[in-house]
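Contents: one structure, followed by commentary.
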Amino acid sequence: MTITRRQFLVYGGIGVLGAAAAVTVPLSSVDAKSASRLSDRDMPRPYRTAFAQAPILRPESTGVDPMDGSPVHHYTVTQMAASAAILPRLTTPILSYNGIFPGPTISLERGTKAVLRVRNQLPASHPIDGHVLSTSTHLHGSASLPQFDGYANDVTYQGFKKYYRYDNAQPARTLWYHDHGVHRTSLNVYAGLAAQYHVHDPAERQLLPQGEFDVALTVSDAMFAANGALAYDDNDHSGLWGDVMLVNGRPWPVMRVQKRVYRFRILNASIARSLRPALSTGDPMTIVATDGGLMPVARSVANYRHGGAERYEVLIDFRKYATGQRIELRNLSNRNNVDYDHTNKIMAFDVIDAPVDTSDPTWNTIPTALASSHVMSLKASQSRKTRRFRLKHSDTTNLFTIGSDSWQDVVASGFRKVIADPALGATEIWEFENSSGGWFHPMHIHLVDFQVLSRNGRAPFAYELGPKDTVYVGEGETVRLLMQFGPHRGKYMLHCHNLPHEDHDMMVQFSVGLAQGDYDLNDPMTAAPAVWDDGS
């Protein structure tokens, strides 16, 4: 009997959704009880698990860059198979950085360079669909050289390692590193290859809570087979929507909080699900930073739309709540999600009566004015070119494309074909029109931060009035973005961060500062290849 990919995945324990979920049309807000095949005693329940954060990765060594005298930190992460204690009784096989999900957080100061050695010690094939486990590590939000940017086809095979070099010269921000292997990003990230990366600077240190009050939340969703393994159903490339919400790899955890202001770095690491966070009390949250760091002005919101790969830094003030009170961080959801019994919950906070350090000025401070940035200071009048891109879906091929272009076209061209070729330092407006038939697309532009100029001809949402690298392009929406290209020359990717869309095949590339026929010093396929991992 020939087993198709979809049948194999259903046989692997995903079949609660079954063949009826094999949609080739967009989903509207669908409600169902569950997706997992777990027994009732193995299914996790909301608010039964204590909150925990990923550990901070310490550098193996430190040094000085002989070229400019800047400090350099050396790190290693090893990609390996591991087991995670996500469920009450069963263990879940994962792919991981250093054996944990999410992987260890890297945290350093602006201007401190990093050399990250990534070792591929994964199994030969992926446990879900059997593909070869080659990887490419992308530091999402970093203005990296092309050869260190996680170019999809610049892969590291099992038994090899690659050294990634990051200048960390941008303003303070929440970044994340994740796998970007060609046509397998969704499966690899879903299996656990994701982690946060924080860059600090004096402005952010002064304005926002630090230390234990600076809290990383990596939010994702998952579905499980009866034996506790991750199940996978991408609804014929539309996206995967799990019934278990995870925060830092734990289902609906509970965090104990003091009566003070906390800062939360919220990363939506789901491969397809979008979020709409809100507090159960109805009280506002204050957004102080977007993907690219501090906003010029803080924004108070009751809820906000949070697409895949976007990062929002949010202040929540727990001072007025009573000891013992529980406040839930809920998920109001958005169009074209599939929602289950408990996907309307993310996590909870229990207020405790521990002493508060009032010598810390951030304990009771909600700043209004924050910090400007280069990209937010740009004016639309500075743009010398406007490029327009239509986000499309083909009913014939069931592929997602940007215009008529896809990553298949890039590969077929020998990695030469580009959809845009801005000059180094050029300022441009890029417009994305979502005519794909109703899906939403979180679009990510590598290398640059951008400013959202407008959405459907009107002002952007208040919460996206900060530097961004990923923008939510909703059903039937058109967004206009303003950006300046630099600081590096070379080829970079542009793609949808609904990762099944990216894999099938909504990804293209653009070049910066390269004329046709130029020698590409930073060719991502040849400039810094992986090498055999001899253990050194």
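The values are calculated or read from the model by the stated rules, or taken from the named source; none is laboratory data. Predicted, not measured: the structure shown is a model, and the values here were computed from it. For neighbour counting, all protein chains shown are included, and Cβ atoms are generated from backbone atoms with ideal geometry for every residue, glycine included. Each accessible area value is taken on the protein alone, full model and side chains, heavy atoms only, with ligands, DNA and RNA left out. Shrake-Rupley method; radii C 1.70, N 1.55, O 1.52, S 1.80 Å.
Here is how the numbers come out for the structure above:
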{"item": "Test for Gln509: is it farther than 26 Å from Thr185 by Cα and touching a strand residue (DSSP E or B) at 6+ places or on another chain (Cβ under 7 Å)", "result": "no"}
{"item": "Enumeration of residues in segment 58-112 that are part of a strand (DSSP E or B) and open to solvent by 50 Å² or more (accessible area, probe 1.4 Å)", "result": "Ser61, Thr62, Val64, Pro71, His74, Met80, Ala81, Ser83, Pro93, Ile100, Glu109"}
{"item": "Filter pass, Ser238 being among the hydroxyl-bearing types (Ser, Thr, Tyr) and either over 20 Å from the mean Cα position of the chain (by Cα) or assigned to a loop (DSSP other than H, G, I, E, B) (or both)", "result": "yes"}
{"item": "Count - residues of segment 342-388 that are closer than 30 Å to Ala272 by Cα, of a type outside the set (Val, Ile, Thr) and either at pLDDT below 95 or in a strand (DSSP E or B) (or both)", "result": "7"}
{"item": "Top-ranked residue in segment 113-141 [being surrounded by fewer than 18 Cβ atoms within 10 Å (Cβ to Cβ) and modelled with pLDDT of 95 or more; ranked as farthest from Thr76 (Cα to Cα)]", "result": "Pro123"}
{"item": "Residue in segment 404-416 that is under 24 Å from the mean Cα position of the chain (by Cα), modelled with pLDDT of 95 or more, of a type in the set (A, V, I, L, M, F, W, C) and at negative phi present", "result": "yes"}
{"item": "Some residue of segment 407-427 being crowded, with 22+ Cβ neighbours inside 10 Å and in a loop (DSSP other than H, G, I, E, B)", "result": "yes"}
{"item": "Selection count, segment 325-341, where residues are assigned to a strand (DSSP E or B) and over 16 Å from Ile266 (Cβ atoms)", "result": "3"}
{"item": "Single residue of segment 297-327 satisfying the filter (β-branched (Val, Ile, Thr) and open to solvent by less than 40 Å² (accessible area, probe 1.4 Å)) that is nearest to Thr281 (Cα to Cα)", "result": "Ile327"}
{"item": "Members of segment 366-386 that are closer than 15 Å to Ala289 by Cβ and either in contact with a Cys (Cβ under 8 Å, 6 or more places away or on another chain) or open to solvent by 50 Å² or more (accessible area, probe 1.4 Å) (or both)", "result": "Ile366, Thr368, Ala369, Ser372"}
{"item": "Pairs, first farther than 14 Å from Met493 by Cβ and outside any loop (DSSP other than H, G, I, E, B) in segment 129-156, second of a type in the set (Lys, Arg) and open to solvent by less than 20 Å² (accessible area, probe 1.4 Å), C-beta under 7 Å, six or more apart", "result": "Thr156/Lys162"}
{"item": "From Ala322, Ala298, Ala289, residue being hydrophobic (A, V, I, L, M, F, W, C), outside any strand (DSSP E or B) and either in contact with a Ser or Thr (Cβ under 7 Å, 6 or more places away or on another chain) or at pLDDT 95 or above (or both)", "result": "Ala322"}
{"item": "Residue list for segment 254-265, restricted to those being of a type outside the set (D, E, K, R), open to solvent by less than 10 Å² (accessible area, probe 1.4 Å) and touching a Lys or Arg at 6+ places or on another chain (Cβ under 9 Å)", "result": "Val261"}
{"item": "Neighbours by Cβ (under 7 Å, 6+ apart or cross-chain): first from segment 303-317, of a type in the set (A, V, I, L, M, F, W, C); second part of a loop (DSSP other than H, G, I, E, B) and surrounded by fewer than 24 Cβ atoms within 10 Å (Cβ to Cβ)", "result": "Leu315/Ile366"}
{"item": "Segment 158-202, residues that are over 18 Å from the mean Cα position of the chain (by Cα), part of a loop (DSSP other than H, G, I, E, B) and closer than 23 Å to Ile271 by Cβ", "result": "Gln158"}
{"item": "Segment 527-536, subset assigned to a loop (DSSP other than H, G, I, E, B) and among the hydrophobic types (A, V, I, L, M, F, W, C), residue surrounded by the most Cβ atoms within 10 Å (Cβ to Cβ)", "result": "Ala530"}
{"item": "In segment 442-500, residue nearest to Asn522 (Cα to Cα) [restricted to those that are assigned to a loop (DSSP other than H, G, I, E, B), small (Gly, Ala, Ser) and open to solvent by 10 Å² or more (accessible area, probe 1.4 Å)]", "result": "Gly486"}
{"item": "Condition broken by Leu315, with the remaining ones in (1) touching a Gly at 6+ places or on another chain (Cβ under 9 Å); (2) not in a loop (DSSP other than H, G, I, E, B) satisfied", "result": "(1)"}
{"item": "Near pairs, Cβ below 7 angstrom, 6+ apart or cross-chain, from segment 459-487 (free of Cβ contacts under 8 Å to residues at least 40 places away in the same chain) to any residue that is surrounded by fewer than 18 Cβ atoms within 10 Å (Cβ to Cβ)", "result": "Pro460/Ser454"}
{"item": "Pair list, Cβ < 6 Å and 6+ apart or interchain, from segment 388-405 residues that are touching a residue at least 24 places away in the same chain (Cβ under 8 Å) and exposed (fewer than 13 other Cβ atoms within 10 Å of the Cβ) to residues that are among the hydroxyl-bearing types (Ser, Thr, Tyr) and assigned to a strand (DSSP E or B)", "result": "none"}
{"item": "Tally of residues being β-branched (Val, Ile, Thr) and open to solvent by 80 Å² or more (accessible area, probe 1.4 Å) across segment 512-526", "result": "1"}
{"item": "Tally of residues being open to solvent by 10 Å² or more (accessible area, probe 1.4 Å) and over 27 Å from Pro55 (Cβ atoms) across segment 142-153", "result": "3"}
{"item": "Where a residue in segment 273-285 is more than 26 Å from Ala222 (Cα to Cα) and its partner, wherever it lies, is part of a loop (DSSP other than H, G, I, E, B), with Cβ under 6 Å and at least six apart", "result": "Pro284/Ala302"}
